[in-house]
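The values are calculated or read from the model by the stated rules, or taken from the named source; none is laboratory data. Bear in mind that the values here come from a model prediction, so they are computed numbers and not experimental data. Heads up, the Cβs are rebuilt from the backbone with ideal geometry, glycines too, and the neighbour counts pull from every protein chain shown.
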Amino acid sequence: MSEDNARVKAHNTVALLSRSVLGWTVAVLFGVAGAFSTQFFGFPNMLAAQATIGVFGLAGGFSHSLLIRAAGGKVSWKQGLFLSIVWALSCIGGATPLFFALGTPLKMAVLAFYSFAIFGALGGVATAFMIRSLFDNASSRDVIPCVLIWSFTFGLATIASDALGEGLQTFLPALIAWSIAFGAMALIIGCGGGYSIVHFLRAKRDGKQAFERSRIDYKAPSKEKNKRYILALILLFIPFYLNDFSNIYITDWRLWISIDYTTVKLFPFLVVLWLIRSKKMQPSEFGLTAQPVISFVTVFLIGTLAATFIDQNGYLILNKFPGYPPLDGMPEIESPLWNWIDLTVGLLIVGIFEELVFRGYMHTFLTRYTQRPLIIIGISAVAFGFIHWSGGFHNVIATSAIGAVFMVLYLRTRSLPAIMLAHFAVNFIDFANLIPKSIFRFL
């Protein structure tokens, strides 16, 4: 790219981001006007909030349709109206659950992030498909990056503006404090919305994605390699399914640790090391590949937040359905030192090797027979869920859902380190009790 073209590209980026921030700033002003109107007419609190945030979303969606038009997309008035309504409904949907939950400020902040991130993703879907229909660009057919940008942007803007407003009003007048907070909201959403357009145009020029979909390479099974892959499957999988017997029959924590660290930590490590050192398999076949920093952070956050939500809320739904109860649990580790080691190093090793086996190797094995992502996700999820069989049927279902989330992320990146770290974070939140689990429970 020439220096002049680079300057033009940078200028366009700055212009789009500036116009996007300006558009959402105007949307904030409409929202503030709506808030004063609802107070004047004496609306109930929930209806007032829904009307205010709905007006904000309506104006913001309309400003974004103008931004798409400025970027070269031929947005009709019907499409602009549709996008405005979608974002109004997304904002209303994000705010509504907050009126049906009680908890600490931290819990309400986490709920606000999840709620607005989920409904922001729905608005992002509509936005992404509209952009895709307006720009004839085969390299940018993937809507996932746009959806993720909008999801994280809306969740972040909500909690950041709320925290800023609450914090500033301790030493500033409420009007000034919340004006600054709403300005921060407009800045965050404006930058996110503008970047979704910038990302698309960048993909159009460069023919690549920042969060790239990895193609599934289909390999027909060959007789000379089938035995090797099946043997590796048996060696890697069987210890995980047998290890739960120690949860049922072993009561001494020392013996339990010895068995656990030998069967599902040391043994898989030796098998993987043997397969790689003997050049029977490549590190990439286990998902051991490099990943861009932005993609790494994105995958880690999505994996941690989505899996933690399932882990902390799924049982509250599943318990209403029949299923066999937990058969028993692991013995309590009486040594504080060993307990801390198990909660840190032990859980990290669990995250590493369960991902190597049930995402990395499982993907490599299954793609020898099918190239359909849904089949790969389904089989790997069930296989992962059933290694938790001693925890009861509901535990199997919940962990299967988490496994499906992790496999979806792996199919998009073909890199496991960020997913391994997310796996560790989910387990650490669940077992360490350093972070109150109640802040993630909403049902």
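What to note about this one:
- In the range 245-301, the residues that are at negative phi, assigned to a loop (DSSP other than H, G, I, E, B) and in contact (Cβ under 8 Å) with a residue 40 or more places away in the chain: Ile250, Thr251, Asp252, Lys280, Met281, Leu288, Thr289, Ala290, Gln291, Pro292
- Test result for Val345, under 21 Å from the mean Cα position of the chain (by Cα), surrounded by fewer than 20 Cβ atoms within 10 Å (Cβ to Cβ), over 25 Å from Gln282 (Cα atoms) and without any contact (Cβ under 8 Å) to a residue 60 or more places away in the chain: no
- Filter result for Val396 (over 17 Å from the mean Cα position of the chain (by Cα) and closer than 27 Å to His363 by Cα): yes
- Selection status of Asp328, acidic (Asp, Glu) and in a helix (DSSP H, G or I): no
- From Ile419, Ile429, residue being part of a helix (DSSP H, G or I) and either basic (Lys, Arg) or crowded, with 22+ Cβ neighbours inside 10 Å (or both): Ile419
- In the range 360-375, the residue that is farthest from Phe269 (Cα to Cα) out of those that are of a type in the set (A, V, I, L, M) and buried (at least 17 other Cβ atoms within 10 Å of the Cβ) is Leu366.
- Selection status of Phe152, among the aromatic types (Phe, Trp, Tyr) and outside any helix (DSSP H, G or I): no
- Given (1) under 24 Å from the mean Cα position of the chain (by Cα); (2) aliphatic (A, V, I, L, M); (3) buried (at least 18 other Cβ atoms within 10 Å of the Cβ), index of the condition Ala101 fails: (3)
- Among the candidates Phe384, Phe406, the residue that is closer than 20 Å to Met330 by Cβ, modelled with pLDDT of 95 or more and either in contact with a Lys or Arg (Cβ under 8 Å, 6 or more places away or on another chain) or not basic (Lys, Arg) (or both) is uniquely Phe384.
- Among residues of the range 255-267, those that are of a type outside the set (Ser, Thr, Tyr) and out of contact with any Asp or Glu (no Cβ under 9 Å at 6 or more places or on another chain), counted: 6
- When each of Phe129, Phe154, Phe171 is tested for being surrounded by fewer than 21 Cβ atoms within 10 Å (Cβ to Cβ), out of contact with any Ser or Thr (no Cβ under 7 Å at 6 or more places or on another chain), within 23 Å of Ile68 (Cα to Cα) and in the same structural domain as Gly80 (by TED's automatic domain parsing), the lone residue that passes is Phe129.
Results for (1) among the acidic types (Asp, Glu); (2) touching a residue at least 24 places away in the same chain (Cβ under 8 Å); (3) outside the structural domain of Val21 (by TED's automatic domain parsing); (4) under 28 Å from Val14 (Cβ atoms), shown as yes or no for each residue.
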{"site": "Thr38", "(1), (2), (3), (4)": "no, no, no, no"}
{"site": "Gly42", "(1), (2), (3), (4)": "no, no, no, no"}
{"site": "Ala48", "(1), (2), (3), (4)": "no, no, no, no"}
{"site": "Ala51", "(1), (2), (3), (4)": "no, no, no, no"}
{"site": "Leu83", "(1), (2), (3), (4)": "no, yes, no, yes"}
{"site": "Lys107", "(1), (2), (3), (4)": "no, yes, no, no"}
{"site": "Phe113", "(1), (2), (3), (4)": "no, yes, no, no"}
{"site": "Ala117", "(1), (2), (3), (4)": "no, yes, no, yes"}
{"site": "Gly123", "(1), (2), (3), (4)": "no, yes, no, yes"}
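- Just one of the numbered conditions (1) touching a residue at least 24 places away in the same chain (Cβ under 8 Å); (2) more than 19 Å from the chain's Cα centre (by Cα) is not true of Ile379: (1).
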